[in-house]
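What follows is one structure encoded as structure tokens, with my remarks underneath.
The values are calculated or read from the model by the stated rules, or taken from the named source; none is laboratory data. Computed from a prediction, not measured in an experiment: that's the story for all the values here. Note that each Cβ is placed from the backbone with ideal geometry, even for glycine, and that neighbours are counted across all protein chains shown. Ligands, DNA and RNA are excluded from the accessible area calculation, which covers all protein heavy atoms including side chains. Shrake-Rupley method; radii C 1.70, N 1.55, O 1.52, S 1.80 Å.
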Amino acid sequence: MTESTAARKPRRSAGSKAAGTTGTKAAGTTGSKAGTGSKRTTSTTRTAARKGSETELVQLLTPEGERVEPARNSAYAEYASYVADITPDELRGLYRDMVLTRRFDAEATALQRQGELGLWASLLGQEAAQIGSGRATREDDYVFPTYREHGVAWCRGVDPTNLLGMFRGVNNGGWDPNSNNFHLYTIVIGSQALHATGYAMGIAKDGADSGVIAYFGDGASSQGDVSEAFNFAAVYNAPVVFFCQNNQWAISESNEKQTRVPLYQRAQGFGFPGVRVDGNDVLASLAVTRWALDRARRGEGPALIEAYTYRMGAHTTSDDPSRYRHDDERAAWEAKDPILRLRRFLESANHADEGFFGELEAESEALGKRVREVVRAMPDPDRFAMFEHAYADGHALVDEERAQFAAYQASFAEAEGV
């Protein structure tokens, strides 16, 4: 069962009142350095997130698990209005989403280490950015992921075991994109931003009341495809949200080797708003993505969200992050763990008890067991299937290659019989 109790809600008007919940504290603007925990410095130059307001890092839930109450009439107040009436049941649902997504991700990593998967790209540490933004989407919105959006896939109702077929090498995706409006994983870095923009331009011409969201990482922001997507989206006022998960490292390249300004500020040069959100804060990620999709559906054009987070694990299971970053950096970000901060809030606000956490732990273990069983039972693909779809009507050269491959495969059987 992949649907959370934190179901997608209808969009709210921009004029909704700001949050006023138990356990909140007053907060001013959170600066880039204060909100990151990274030892590397970033620019503190502020940028207009949208007309008439300035912001740096939108945070609605502190690492200590305290709700942040924005100043009235501030940029934060509008964002906070999108989660002002979130219920305890929905908060528990968000927590459940993050816990189960992390459990699935850990199981997939273990399966790769055991030789059951060829590769795996972990989302460890990025659960809040993915679950928050994923739950902000409506059923009729369309999502274009990279290869790491396992949490977003969960929110869209894609069975997690379907994500593993490609990494095991038994299929090219494993799900029908149109069943959940969730595109197949994109391995080519940054190309999905163009796909999303083109799709958004199309639904705008159709007059659809829906939005599109494209995911990419900080490394992909250096790709020309992403800049081209920004330009087309701006010129054609496409209803697309660009969601950049800035996890600080493009494999082994740090932010400082990619950009001189915070990534969200790039939106200014293309003429649409950019917002930096605390990517380890599920409430802020949910609120800002709801805001961005809401304005996109109203015909106000694209927006860029930079979710400032951290890749706690390796880039993929073929990577060794100890060769290029220090343990103290990771330790600083562990203190901002997205799951831990929401648990602290749930406990302090008496929104969850030990019974809830115990049941979730049992559900988590059951999910891990199911993932192991499904992956190990996946049938090997038909070795000759690749020849069937190269040409619609067949081709003599393909026939020749098929025959050569058949002879090659037969040679193994002959060798075993010797």
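For Glu69, the residues whose modelled amide H falls within less than 5 Å of its own, excluding neighbours fewer than 5 places apart on the same chain, are Lys25, Ala26, Ala27.
Taking 7 Å steps out from each Cα toward its Cβ at Asp380 and Asp327 produces label points 4.2 nm apart. Here the range 64-216 is treated as a sphere whose radius is the Kirkwood value from Cα pairs; by Stokes-Einstein at 37 °C and 0.692 mPa s it diffuses with a coefficient of 193 µm²/s. Taking chymotrypsin sites (Phe, Trp or Tyr not before Pro) across the range 325-418, the ones in a DSSP loop with at most 12 further Cβ atoms lying within 10 angstrom of their Cβ are Phe384, Tyr391.
Computed with the Debye formula from one identical point scatterer per Cα of the range 85-140, without solvent, the log10 of I(q)/I(0) at q = 0.15, 0.29 Å⁻¹ comes to -0.53, -1.12. Using only the alpha-carbon atoms of the chain as identical scatterers, what base-10 log of I(q)/I(0) does the Debye formula give at q = 0.08, 0.09, 0.15 Å⁻¹? Debye intensities relative to I(0), on a log10 scale: -0.44, -0.56, -1.47. For the chain, the longest principal axis of the alpha carbon atoms and the long axis of helix 88-113 meet at an angle near 30°. A convex hull fitted to the Cα coordinates of the range 271-391 yields 264 cubic angstrom per residue.
Helix 191-206 versus the longest principal axis of the chain: what is the Cα-based angle in degrees, 0 to 90, to the nearest 10? The answer is roughly 70 degrees. Under a Gaussian network description of the chain, with springs only between Cα atoms under 10 Å, the residue in Val288, Val58, Val226 that fluctuates furthest is Val226.
Using the average count of surrounding beta-carbon atoms within 10 Å as a protection proxy, the listed peptides 108-121, 209-222 rank, highest first, as 209-222, 108-121. Helix 338-348 and the longest principal axis of the Cα set of the chain meet at an angle near 50°.
Work through the residues other than Asn231 whose Cβ is under 12 Å from its Cβ and net out their charges, Lys, Arg +1 and Asp, Glu -1.
So the surrounding residues net to -1.
Within the P(r) computed for the range 212-259, what percentage of the Cα pairs occupies the region above 16 Å? Distances greater than 16 Å cover 41 percent of the Cα pairs. For Phe182, the residues whose amide H sits under 5 Å from its own are Val143, ignoring neighbours fewer than 5 places away on the same chain, with H placed 1.01 Å from N. Residues whose amide H lies under 5 Å from that of Val277, counting only those 5 or more places away or on a different chain, are Val58, Glu306, Ala307, Tyr308; hydrogens are built 1.01 Å from N in the peptide plane. For the range 127-252, the fraction of 1.4 Å probe accessible surface lying on carbon and sulfur atoms is 49 percent. For the range 388-398, 3J(HN,Hα) computed residue by residue from phi via the Karplus equation (6.51, -1.76, 1.60; θ = phi - 60°) reads 7, 10, 6, 10, 5, 10, x, 7, 4, 5, 5 Hz, glycine and proline entered as x.
Partners of Lys257 within straight-line reach, counting aspartates and glutamates whose Cα lies under 18 Å from its Cα and excluding those fewer than 8 residues away in the same chain: Asp218, Glu306, Glu329. Taking a sphere under 11 Å around the Cβ of His395 and counting the other residues whose Cβ falls inside, with K and R at +1 and D and E at -1, yields a net charge of -3.
If you roll a 1.4 Å probe over the heavy atoms of the protein chains, what accessible area per residue do you get for the chain, in Å²?
43 Å²
Of all aspartates and glutamates in the structure, those lying under 15 Å Cα to Cα from Lys369, and not within fewer than 8 positions of it along the same chain, are Asp105, Glu107, Glu116, Asp159, Glu361. What the pair-distance distribution of the range 224-335 shows, using all Cα-Cα distances binned every 5 Å from zero, is 2, 11, 19, 20, 17, 14, 9, 5, 2, 0 percent. With a 1.4 Å probe rolled over the protein heavy atoms of all chains, the accessible area of Tyr95, Tyr147 falls in the order Tyr147, Tyr95, largest first.
Pairwise inverse Cα distances across the range 328-367, averaged and inverted, put the Kirkwood hydrodynamic radius at 11.6 Å.
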